[in-house]
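Novice: The structure's right below; bear with me while I get my questions together.
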Amino acid sequence: MTYKHMDVRQLAYDDGSFDAVIDKGTFDSILCGDGSGPSADQMLSEIHRVLSPNGVYICVSYGVKENRQKYFTSKDFDWTVFHHMVAKPTISTSTLVAQENKDDKNFHWVYIMRKQGPAK
């Protein structure tokens, strides 16, 4: 069985339709497929388009900053990017945090992109 890449040009929502978009794993999944670079760019372009001014895109990812930041900081997007590391819930989470073990495999990454508001 072969799969054909679907080329979905635009979501069925008007520009600026959402104040927030929350993504847990979709962006990571897109990056695992064939043609991942253009597909990731297309996904982010559509998210940016449907966000209202001052809207927020929150992406929870296993991808470390060095691998994700280049997509989120594209000059095509007028949003500000923030990131946070959140310890993965495990039996040893309190030990992990207390020891400040910043090994990337012990964390999820939360990226927050706030779209620019209207010019004043």
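Novice: Has region 86-97 got any residue that is at pLDDT 85 or above and over 19 Å from Gln10 (Cβ atoms)?
Specialist: Looking through region 86-97, at least one residue is at pLDDT 85 or above and over 19 Å from Gln10 (Cβ atoms).
Novice: What is the number of the single condition among (1) at pLDDT below 90; (2) surrounded by fewer than 16 Cβ atoms within 10 Å (Cβ to Cβ) that Ile58 does not meet?
Specialist: Every condition holds for Ile58 apart from (1).
Novice: Under 6 Å between Cβ atoms, at least 6 apart or on separate chains: pull out the pairs that start in region 31-44 with a residue that is loosely packed, with under 14 Cβ neighbours inside 10 Å and end on any residue that is outside any helix (DSSP H, G or I) and of a type outside the set (Phe, Trp, Tyr).
Specialist: Sorted first by the residue in region 31-44, then by its partner, the pairs are Gly35/His5.
Novice: Can you tell me which residue among Lys70, Lys4 is modelled with pLDDT of 90 or more and surrounded by fewer than 12 Cβ atoms within 10 Å (Cβ to Cβ)?
Specialist: Lys70
Novice: Which residue is modelled with the highest pLDDT, if the candidates are limited to region 100-120 and must be part of a helix (DSSP H, G or I) and surrounded by 13 or more Cβ atoms within 10 Å (Cβ to Cβ)?
Specialist: Only one residue tops the list, namely Asn106.
The values are calculated or read from the model by the stated rules, or taken from the named source; none is laboratory data. What you see is a predicted model; the values in this text were computed from it and never measured. Every residue, glycine among them, receives a Cβ derived from its backbone with ideal geometry; neighbour counts consider all protein chains shown.
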